[in-house]
Each structure stands twice: as structure tokens, then as C-alpha cells.
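The values are calculated or read from the model by the stated rules, or taken from the named source; none is laboratory data. What you are looking at is a predicted structure, and each value in this text was computed from that prediction instead of being measured. Please note: Cβ atoms are built from the backbone with ideal geometry, for glycine as well, and neighbour counts cover all protein chains shown.
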Amino acid sequence: MPGSSSRCISPPVIGHQGILEQVLTNLISNAIKFVAPDVQPLVEIKAETIQDWLRLWIIDNGIGIAKEYHERIFQVFEQLHGVKQYPGTGIGLAIVRKGMERIGGIVGLQSTSGCGRQFYIELIKKR
């Protein structure tokens, strides 16, 4: 691109394009889907470096997740809400966790019920 710098915005990471696309698609889709009725979804994506890792945050204004369910939601077929209220298969976050494990990354969550969610993935930076 004329006039653009060859410097990357973020450091290169170790990963797999297909897995990362699926992980990000699932996290962003959930951010849009799991909001209270009549609430306009808001999604923010941020990046930060932490030593040898790049952390990507997917932050939303959704319904939130109580701390006691933070591990449970990453299990296959786990849904905290009825399918009528929030349709889905209950495998999206299990795919996220398994995908991150396959590429040596991490997925985590900071959230409380009713206060939105902050999912993050951590990827190893290339040296």
C-alpha cells in the first residue's frame, strides 16, 4: 500500500489461521447474541502484550456470567440459559477452549452476572 509503513500493528503470533478464525467468530457471535432483550449489543476488541504473549480481549455489554459458571461454560453442551431465550448448541465455547489448547494458547474470562463479559485469548508471540 503506498505510503503505509511495513511495521506491524501487533507482533506476529504462533497459531493456525482456521482455528483462530473459528475462535474469534465464536467469541464475537456470543458477544452479539447474549445480551438482554431490547439491548443494542456493543463489542470491543483490544490487544495487549504481556511478556511473551499477545492477549486479545473481546469485551461486551451482555448478560454476564456468574463466577461459579466460568469453568462450566467451556464444557460441551453446557448452556446456562434456555434454548428458547438464547438459541444455540452449547458447543461454541468448548470449541474455543479446545482450539486454543491445540495451538498452545489460553482462553479466559472475567465477568459477573448482569455486567457484561470480558473474554480473552492469549497467543505466544513469535520470536
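Scanning segment 17-37 for residues that are in a loop (DSSP other than H, G, I, E, B) and not small (Gly, Ala, Ser) yields Phe34, Val35, Pro37.
In segment 34-46, the residues that are exposed (fewer than 12 other Cβ atoms within 10 Å of the Cβ) reach residues that are outside any strand (DSSP E or B) and aliphatic (A, V, I, L, M) with C-beta atoms within less than 8 angstrom, at least six apart or across chains, in these pairs: Ala36/Ile63. The requirement of being under 19 Å from Thr112 (Cβ atoms) and modelled with pLDDT under 85 is fulfilled nowhere in segment 39-59; no residue meets it.
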